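The values are calculated or read from the model by the stated rules, or taken from the named source; none is laboratory data. Values in this document were obtained by computation on a predicted structure and should not be read as measured data. We place every Cβ from the backbone using ideal geometry, glycine too, and count neighbours over all the protein chains shown. Calculation scope for accessible area: heavy atoms of the full protein, side chains included, ligands and nucleic acids excluded. Shrake-Rupley method; radii C 1.70, N 1.55, O 1.52, S 1.80 Å.
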Amino acid sequence: FKTCPGRVLCKLPCSGEKEVDLAVQSAKAAFKIWSQMSGMERCRVMLEAARIIREQREEIATMETINNGKSIFEARVDIDISWQCLEYYAGLAGSLAGEHIQLPGGSFGYTRREPLGVCVGIGAWNYPFQIACWKSGPALACGNAMVFKPSPFTPISVVRLAEIFTEAGVPKGLFNVVQGGAATGQFLCQHPDVAKISFTGSVPTGMKIMEMAAKGIKPVTLELGGKSPLIIFSDSDLDNAVKGALMANFLTQGEVCCNGTRVFVERKIMDTFTKEVVKCTQKIKIGDPLLEDTRMGALINRPHLNRVQGFIKQAKEQGAEVLCGGDLYVPDDPKLKNGYYMRPCVLGNCKDDMTCVKEEIFGPVMAILPFDTEEEVVERANATKFGLAGGVFTRDIQKAHRVVAALKAGMCFINNYNVSPVELPFGGYKSSGFGRENGRAAIEYYSQLKTVCVEMGDVESVF
């Protein structure tokens, strides 16, 4: 592999209806074996997969950087989160259990936690390898099989994950990968032998998946878009708040669903905060993502870059002020000249009704808005169709807990942003989706409960 922005990396055939059916049938056969293994047996295989990923961290991170365009520094973090995810669910696999309930007269009941069957995972292009691990980890721990479709923009690294699972000892076909776009996804969602669908991506696509799943009464987990608020109070540690704002807006070139792109700043520190954020944003090193000191690589493709640029143009037309960035960036290295680079952008003079404040841009664009009171900012923060995340920076811990309790968002941060410990559930409110990934909560979405009632005496008949 070599860094080659703007050029074809590889060509992969799209999976049609026949290929999708072969993948599902293969997974179905593997499920019969895997689901009958004990939790401890599944644990050992998943730990081996985690070990291989950890051992090949640098190789996989390099592949992911070329796959997606993010910096190698970030890609290494993604790979670490990935093996930690598999380790975490390996640890839970051996402890999955139901309950025993004592009933009158010596009778009793119990529940069994059972796998669903063949689950479908549909991933996004911003965290290809990590999302595949987030979905496959709890699915496999519960005894399911999975057919995974990565984004057609980032098809490569998930294939490596499938190879790693095979090397680790999962039954052949337990984790299958199919390639393609919307048509392939439709074949997966409508397949009669698919038991559950987990999707990460846009709201419009999530709605279509939910509609298709409804026709088959299939459960879905949807992790969709966001336009999350980041609230900076005047009593916060300013340097820490600035770092938080950068983390909330510019990771993975701003292509992160839970980014805190509406930055509400208490008016009394508005000027100081804005000046510092602009200064730090202008220092972000853009360029070859495989270089150690690069902190921002290229956006995913030309149409997306044009879309982000269109949002900035519209913001200016609606009265926002570009405080820094927003223009295209051409690195000095001639081999990068066709890359989809832009300078990270900070917008000032923003109003709540502007398109750049209401709609998800999914690029490195931060909108700064002033506020005066806690009650006011909470109301404005919640005035959105999204509800994926939210953040608060303050030294007043009571105020911090009070504000996050009032935020209508599934993932909230206090004095940090965009940290993703696998132990904590992740998911949204409102149009940002439902269901949870990570933590023990994900087990609920990849298993089903069977209740058994045992009578120890004679049947009490009413006839």
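Things worth noting here:
- Meets criteria (out of contact with any Pro (no Cβ under 6 Å at 6 or more places or on another chain) and either part of a loop (DSSP other than H, G, I, E, B) or touching a residue at least 40 places away in the same chain (Cβ under 8 Å) (or both)) for Leu251: yes
- Pairs linking a residue in the range 140-156 that is free of Cβ contacts under 8 Å to residues at least 40 places away in the same chain to a residue that is basic (Lys, Arg) and in a helix (DSSP H, G or I), with Cβ atoms under 8 Å and 6 or more positions apart or on different chains, are Phe148/Lys135.
- Evaluation of Gly326 against (1) in a loop (DSSP other than H, G, I, E, B); (2) at pLDDT below 95; (3) not acidic (Asp, Glu) (one fails), failing number: (2)
- Test: residue in the range 426-433 that is assigned to a loop (DSSP other than H, G, I, E, B) and touching a Cys at 6+ places or on another chain (Cβ under 9 Å): yes
- Of the helices (runs of 4 or more DSSP H) entirely within the range 1-110, those holding at least 1 residues that are over 30 Å from Pro331 (Cα atoms) occupy 17-34, 39-55, 72-93.
- Residue that is nearest to the chain's Cα centre (by Cα) [pool: residues in the range 324-359 that are aliphatic (A, V, I, L, M) and open to solvent by 50 Å² or more (accessible area, probe 1.4 Å)]: Leu328
- Screening Arg402 on (1) open to solvent by 80 Å² or more (accessible area, probe 1.4 Å); (2) in a loop (DSSP other than H, G, I, E, B); (3) over 26 Å from Trp125 (Cα atoms); (4) in contact with a helix residue (DSSP H, G or I) (Cβ under 9 Å, 6 or more places away or on another chain) shows it passes everything except condition (2).
- When the range 257-284 is filtered for residues that are among the β-branched types (Val, Ile, Thr), more than 16 Å from Ser236 (Cβ to Cβ) and part of a helix (DSSP H, G or I), the ones remaining, listed by number, are Val278, Thr281.
- Taken together, Gly225, Gly180, Gly169 contain a single residue that is modelled with pLDDT of 95 or more and open to solvent by less than 40 Å² (accessible area, probe 1.4 Å), which is Gly180.
- When the range 108-139 is limited to residues that are more than 18 Å from the chain's Cα centre (by Cα) and among the aliphatic types (A, V, I, L, M), the one that is least open to solvent (accessible area, probe 1.4 Å) turns out to be Val118.
- Residue that is surrounded by the fewest Cβ atoms within 10 Å (Cβ to Cβ) [pool: residues in the range 371-399 that are in a strand (DSSP E or B) and not β-branched (Val, Ile, Thr)]: Phe371
- Look at the range 1-18: where a residue is more than 14 Å from Arg302 (Cβ to Cβ) and a partner is modelled with pLDDT under 75 and open to solvent by 100 Å² or more (accessible area, probe 1.4 Å), sitting 6+ places away or on another chain with Cβ atoms under 9 Å, you get Leu9/Phe1.
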